[in-house]
4 protein chains.
Amino acid sequence: MSHNSFGHLFRVTTWGESHGPAIGCVVDGCPPRLALTEADIQPFLDRRRPGQSKFVTQRQEADEVRILSGTFEGLTTGTPIALLIDNTDQRSKDYGEIKDRYRPGHADLAYDLKYGIRDYRGGGRSSARETAMRVAAGAVARKVLGPEVTVRGALVQMGPDRIDRAAWDWAASEENAFFCPDRDAAIRWEAMLTEARKSGSSLGAVIEVVAEGIPPGLGAPIYGKLDAEIAAALMGINAVKGVEIGEGFAAAALTGEGNADEMRMDPDGRVIFGDNHAGGILGGISTGQSVVARFAVKPTSSILTPRRSVDRFGQEVEVLTKGRHDPCVGIRAVPVGEAMVALVLADHLLRHRAQNPDAAAEARLPRNR
Amino acid sequence: MSHNSFGHLFRVTTWGESHGPAIGCVVDGCPPRLALTEADIQPFLDRRRPGQSKFVTQRQEADEVRILSGTFEGLTTGTPIALLIDNTDQRSKDYGEIKDRYRPGHADLAYDLKYGIRDYRGGGRSSARETAMRVAAGAVARKVLGPEVTVRGALVQMGPDRIDRAAWDWAASEENAFFCPDRDAAIRWEAMLTEARKSGSSLGAVIEVVAEGIPPGLGAPIYGKLDAEIAAALMGINAVKGVEIGEGFAAAALTGEGNADEMRMDPDGRVIFGDNHAGGILGGISTGQSVVARFAVKPTSSILTPRRSVDRFGQEVEVLTKGRHDPCVGIRAVPVGEAMVALVLADHLLRHRAQNPDAAAEARLPRNR
Amino acid sequence: MSHNSFGHLFRVTTWGESHGPAIGCVVDGCPPRLALTEADIQPFLDRRRPGQSKFVTQRQEADEVRILSGTFEGLTTGTPIALLIDNTDQRSKDYGEIKDRYRPGHADLAYDLKYGIRDYRGGGRSSARETAMRVAAGAVARKVLGPEVTVRGALVQMGPDRIDRAAWDWAASEENAFFCPDRDAAIRWEAMLTEARKSGSSLGAVIEVVAEGIPPGLGAPIYGKLDAEIAAALMGINAVKGVEIGEGFAAAALTGEGNADEMRMDPDGRVIFGDNHAGGILGGISTGQSVVARFAVKPTSSILTPRRSVDRFGQEVEVLTKGRHDPCVGIRAVPVGEAMVALVLADHLLRHRAQNPDAAAEARLPRNR
Amino acid sequence: MSHNSFGHLFRVTTWGESHGPAIGCVVDGCPPRLALTEADIQPFLDRRRPGQSKFVTQRQEADEVRILSGTFEGLTTGTPIALLIDNTDQRSKDYGEIKDRYRPGHADLAYDLKYGIRDYRGGGRSSARETAMRVAAGAVARKVLGPEVTVRGALVQMGPDRIDRAAWDWAASEENAFFCPDRDAAIRWEAMLTEARKSGSSLGAVIEVVAEGIPPGLGAPIYGKLDAEIAAALMGINAVKGVEIGEGFAAAALTGEGNADEMRMDPDGRVIFGDNHAGGILGGISTGQSVVARFAVKPTSSILTPRRSVDRFGQEVEVLTKGRHDPCVGIRAVPVGEAMVALVLADHLLRHRAQNPDAAAEARLPRNR
């Protein structure tokens, strides 16, 4: 049991603080003979990197990843893959004034309650900076899943404003600063977020991750359920307060008839589903439909408006956060959400192989959306 | 890694099929010298038991639990606690006709895809019957948490009908068949569910679980987060499609100002929170506020209206479910949700103790709601 | 992390006390569609059962195992397999007088130090009775390994008397009460053990377990080493004080030249080893040679000669053990040792499959002894 | 489940190859507020470092450890501690000629069988270089154990030559190049090893590790046994072929009377043991006596005498090893063995705390040798 490890057979352990010399992770259990170099990882880090637009924190980090072990002549060897990113832009001075103060909605108080000590610089271990390593590890997970599997995320709500699902275009999500798949919504959000940023406020968001090409049979009943582990993976991202699979909370308002995903056979002898209320998972096991998950990110607590709080000495104080922060942390949560889903899937793929040596099940797959 | 175990230090492994001779579990890691007899467990099982009202499945199960190991003269000994419940009312004949057919929305197809074999009688391992052992284990977890901690659940939405939170009365939730804390809603739901039952339809629901008296410091950053593990615990309950902590998805629509839980000191020198948008957890660690979680349960797929489906032989068929089923599985999910939260908390309490030998942190606790 | 579970992917959790109503285990992670009934397990339990000869405890236990879950129509389903054996011959009265006394060399004191409570009847959880479930689970592990793999054990030393390895005959080991593969040694041991039994004394022993037909590639570098996990598995058997792989402690006295297992090719293009000093494992990974392990069992501490000790109240006392005990617990440790090695191998077989999806490695195998 | 992690609550994950840019580890689960800097770790690394005498490999490595995370202002914070050592003296050219050849007794063949790929430079991941990180992590484990606990190792046999136990002097073990506690033996060994080195041969060894000041109650019955986990820890060190606890294999030749560790009370009301055949562990749980473990290291397979072998292409070849190697790898295994025992003890200390919140048990401790 490790508080800083994720996954079972494809297992990632991360380390590092926002303002330490570096952050890193160890990816253990990766199958051998997969092609892997830094160039496979860097593009995913670049999507998450701060300083990319005026809508994310202006901290400047190159976020250049190095592979320190586990590959030989460009191939994985089956031994642990160590990844490392140097921290290059730590302005510790920004944080002096919150050294003894608990920012409302931040982990400051909780860490002191738990450990009696914390590295307050930039949030220390609780900083979203740690998620860079999740993205790096997620890139390795994609190698395990292979080219047939795609895992993509998009921002489907900013503040109270939801996208029009009919307008969904994956290409659009790469054209704006928000990973927004609805071009009209992206225009509205630009205005909305500009205002929030100028006023020192912040906005929440909802992200949707869709994984396609998933082999059926991943996951397991009871406590190894694919949806349960995706839920943990997404809820464990900083600032996340809710997770849905498929229909999600809306399912509560449906009847059994309305929620049924009927099945029929296509001409090739594969199972076809009429709908995907289930989000690609039944009984904790993938069916071959697309896996669909959503998660809600709260507005960051780092705002310019003073809030009432207390300090380590039991004094009542007011706190406002100057530093460099994201007015909508949900944006950079998109690549992180993708990575977490990829990590869960890669782990379950290995787990499935272990218990099911023959490929019979995989041969029967319905793969559709 | 076990697909049928839950928890790390307080660890539960369940086994058993709906129509096998018995179901059971092993609770490992329970501290020694806690008073524990069957009488501590049975009341929780009775709350979940089928056949209690016309709104739940009419299967008649005594659900009498026996402790087979791990206690001596009424005290736990620190060795594994084996619990067993005999299955007494298995009408296997009800299930013959779905032997080769995949019920839409059920795990039937998924199990066959994964394992190439399944015990189709009553859903086999995927039956909600397994949750009886979660409730039993949850009762042991409550012993670990001690009398200062309470973990209670309530149904806060049935179908599209939400309760009025201002009318919340925990006492009310024990007076109706729905664990509904709003007396007016309970009256509306009775009519609504009667109609659904008579028409062979089914309804979804939302359950809220509130844990009070939680010591601060439980949970851990990154991958041992208290909220992440609660999310997995609740998403892993049969038919659950969404999980929220505190403000949940509604947080996405708030601003940073609106979502802040301001703090001040009470006269006794304890931290007081103005609100609890966070649901008692910051940075994955409990703060001492009440832990609040919600989960959405889909309408059961066992309905009388025929749905299009396929069978094991690739033939298109129509499926309707006769057997004995719950028109709203969300009702019986209430004690299961409570149990899962209790299990997570007990596990984290032991984990916290391991890493924090001195009680200094606990002495600084704000405990309020 | 569970103190009563063994294995990772093929995972066994045992429960039960010597004098409780039953003992049992849950086998999780077993692949589906393997033929398995009680008849596959019972013969191994019968080999370990007490009361079989005058050289083992006279406790009479039928040790009839029942499968309570995890199979359907004679095949495993991939869900947890619960096994249960009722305790039928518990004479608790035998143990009253050691209720408050710590028997030297027993776990009595240690349990009280750890837990502050213990079920003193028959040793409670520390009784060798728990090993029956290891043997039962080991029989399931053999199914996972398949018919090409054999795991056999033999007693190679009783007291100070070693067998003549040149006289080794596996058939002989089934003909005497000691699992002794050397017919002459068996005759000497009968006399030696008869004398020990009559005088109320006890003898130690050394057991060797040989596993043949093992695919190469099982195990893993660093902390998943096959030999390290076999060492833990064997050292965890009651009364074991030493474990060796291949040449064992004798390797310390060899030179590099003497210890080398030279290799050449056989006409079929397979690797042939000149010797097996390594015991079939290099760098923690199986090579395809036979896996050879040995373990030393101390003489049981249950003897008729009074020994000085103390009681729970800090009084000095004398302790002698009347009950029914084995004069050489090493005998019944033979089937237990076999089972533990089978459990480790089955677990590693699944682990190997997870990380190595293609069977290329297995196709290159040298299988010889 | 991770093949490169060790421990459960105090958990170490190592990474790195002999000839990669660096090696490192992550120590997760360390309690907060322990004083820790590089200066606490470096002395232990210096004991293990190559190039210290003519009897160990002449590879020159500074082995300077850096702490990259997990401490703040000289104290642990409860977050993961990343340790890193740069590789500075990798002469890859030495290894070219064994690129395709399997050295007898090495992991070369096994890695190829398992992974189908290997970093052959310096043994890659199977190099003893990895053990530097175990020693580093062990130094952190010692901090967790506190100053009352000492864990010390000594070489008690080189080749066939055992020390005289009556001559044991811990001070002596720091005065010679062999960690030999018997001054006369050290003189003999110097001659013996010089000869082996000159002739390009190698010698085996036996190491004993003694841990004093251990609180009773560490460990747990069945599969969390302290002795079983020490056995795995020691067997997992490179080249180890046997492990003993307390009396070890010699116990097999004793009678129950001869093996009994009688107990009495000392004037202070503590339990005193007459002997320590048990090696400080009963029923898998520490008793407060010194924990005593021994392990046998085979002679290294890297010798100058040509041995018959095969290559990757199925050709028969002769192999001799030129590189820089230890004529007796057992010497440098001493600090590694100490570290592994410290790691097991630290892990069990945290596990014990988790399940036993009150210190009652610890208050009853007999601590003696």
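What residue, of C:LEU226, C:LEU193, is within 11 Å of another protein chain (Cβ to nearest Cβ), touching a residue at least 24 places away in the same chain (Cβ under 8 Å) and either open to solvent by less than 10 Å² (accessible area, probe 1.4 Å) or within 30 Å of D:LYS114 (Cα to Cα) (or both)?
Exactly one residue qualifies, and that residue is C:LEU226.
Go through region D:166-190 residue by residue and tally those that are among the β-branched types (Val, Ile, Thr) and buried (at least 18 other Cβ atoms within 10 Å of the Cβ).
Total meeting the criteria: 0.
Suppose we filter B:SER2, B:SER18 for residues that are part of a loop (DSSP other than H, G, I, E, B) and without any contact (Cβ under 8 Å) to a residue 12 or more places away in the chain; which single one remains? Let's see the steps before the verdict.
Working: B:SER18 fails: without any contact (Cβ under 8 Å) to a residue 12 or more places away in the chain.
None of the other options fit; the residue is B:SER2.
Please go through (1) free of Cβ contacts under 8 Å to residues at least 24 places away in the same chain; (2) buried (at least 24 other Cβ atoms within 10 Å of the Cβ) for A:GLY116 and return the number of the only condition it doesn't satisfy.
Going through (1) free of Cβ contacts under 8 Å to residues at least 24 places away in the same chain; (2) buried (at least 24 other Cβ atoms within 10 Å of the Cβ) one by one, A:GLY116 breaks only (2).
Condition (residue is within 14 Å of another protein chain (Cβ to nearest Cβ) and under 23 Å from A:ALA232 (Cα atoms)) applied to region B:175-189: is it met by at least one residue?
Among the residues of region B:175-189, not one is within 14 Å of another protein chain (Cβ to nearest Cβ) and under 23 Å from A:ALA232 (Cα atoms), which makes the answer no.
Given the conditions (1) over 30 Å from B:ASN356 (Cβ atoms); (2) open to solvent by 40 Å² or more (accessible area, probe 1.4 Å), which single one is not true for A:ALA128?
(1)
For residues that are within 14 Å of chain D (Cβ to nearest Cβ) and aliphatic (A, V, I, L, M), scanning just region A:38-77, find the one that is farthest from A:VAL151 (Cα to Cα). I'd like the intermediate steps shown before the answer.
Residues of region A:38-77 within 14 Å of chain D (Cβ to nearest Cβ): A:38, A:65-77.
Right, trim to aliphatic (A, V, I, L, M) and you get A:65, A:67-68, A:75.
Details: A:VAL65: 21, A:ILE67: 23, A:LEU68: 26, A:LEU75: 23 Å.
Taking the candidates together, the pick is A:LEU68.
Kindly check whether there is at least one residue in region A:253-272 that is more than 7 Å from chain B (Cβ to nearest Cβ) and crowded, with 24+ Cβ neighbours inside 10 Å.
Checked against the condition, which is being more than 7 Å from chain B (Cβ to nearest Cβ) and crowded, with 24+ Cβ neighbours inside 10 Å, region A:253-272 yields no hits at all.
Whether any residue in region A:157-170 is among the β-branched types (Val, Ile, Thr), farther than 29 Å from B:HIS352 by Cα and within 13 Å of chain B (Cβ to nearest Cβ) is what I want to check.
Yes, there is a match, as at least one residue in region A:157-170 is among the β-branched types (Val, Ile, Thr), farther than 29 Å from B:HIS352 by Cα and within 13 Å of chain B (Cβ to nearest Cβ).
Which of the residues that make up region C:296-326 are within 21 Å of the chain's Cα centre (by Cα) and facing another protein chain (nearest Cβ under 9 Å)?
Correct list: C:ALA296, C:VAL297, C:LYS298, C:PRO299, C:THR300, C:SER301, C:SER302.
Suppose we filter region D:196-209 for residues that are open to solvent by less than 10 Å² (accessible area, probe 1.4 Å), in contact with a helix residue (DSSP H, G or I) (Cβ under 8 Å, 6 or more places away or on another chain) and not aliphatic (A, V, I, L, M); how many remain?
Matching residues across region D:196-209 total 2.
State which residue is surrounded by the fewest Cβ atoms within 10 Å (Cβ to Cβ) when the search covers only region D:235-250 and only residues that are within 10 Å of the chain's Cα centre (by Cα) and at the interface with chain C (Cβ under 7 Å from one of its Cβ atoms).
My answer is D:GLY236.
Could you check, for region B:71-82, whether at least one of its residues is in contact (Cβ under 8 Å) with a residue 60 or more places away in the chain and within 16 Å of B:ARG134 (Cα to Cα)?
no
If we keep just the residues of region C:21-37 that are over 17 Å from A:ASN356 (Cβ atoms) and open to solvent by 10 Å² or more (accessible area, probe 1.4 Å), which is farthest from the other protein chains (Cβ to nearest Cβ)?
Ranking the candidates gives C:THR37 first.
Check B:VAL344 against each of (1) farther than 26 Å from D:ASP28 by Cα; (2) modelled with pLDDT of 90 or more and name the one condition it does not meet.
(1)
Among all residue pairs at least 6 apart or on different chains, which show Cβ distances below 6 Å where the first residue, located in region A:199-214, is more than 9 Å from chain B (Cβ to nearest Cβ) and the second is in a loop (DSSP other than H, G, I, E, B) and open to solvent by 10 Å² or more (accessible area, probe 1.4 Å)?
From residues that are more than 9 Å from chain B (Cβ to nearest Cβ), the pairs are A:GLY213/A:GLU148; A:GLY213/A:VAL149.
Is it the case that some residue within region B:331-348 is in contact (Cβ under 8 Å) with a residue 12 or more places away in the chain, farther than 30 Å from B:VAL56 by Cα and either among the aliphatic types (A, V, I, L, M) or open to solvent by less than 10 Å² (accessible area, probe 1.4 Å) (or both)?
So far as region B:331-348 goes, yes, one or more of its residues are in contact (Cβ under 8 Å) with a residue 12 or more places away in the chain, farther than 30 Å from B:VAL56 by Cα and either among the aliphatic types (A, V, I, L, M) or open to solvent by less than 10 Å² (accessible area, probe 1.4 Å) (or both).
Here are the criteria: (1) within 10 Å of chain C (Cβ to nearest Cβ); (2) farther than 16 Å from C:TYR102 by Cα; (3) at pLDDT 95 or above. Tell me which single one D:ALA278 does not satisfy.
Unmet condition: (2).
The values are calculated or read from the model by the stated rules, or taken from the named source; none is laboratory data. Small disclaimer: the values here were computed from a predicted structure and weren't measured. Note that each Cβ is placed from the backbone with ideal geometry, even for glycine, and that neighbours are counted across all protein chains shown. Surface areas here come from the heavy atoms of the whole protein model, side chains and all, with no ligands, DNA or RNA. Shrake-Rupley method; radii C 1.70, N 1.55, O 1.52, S 1.80 Å.
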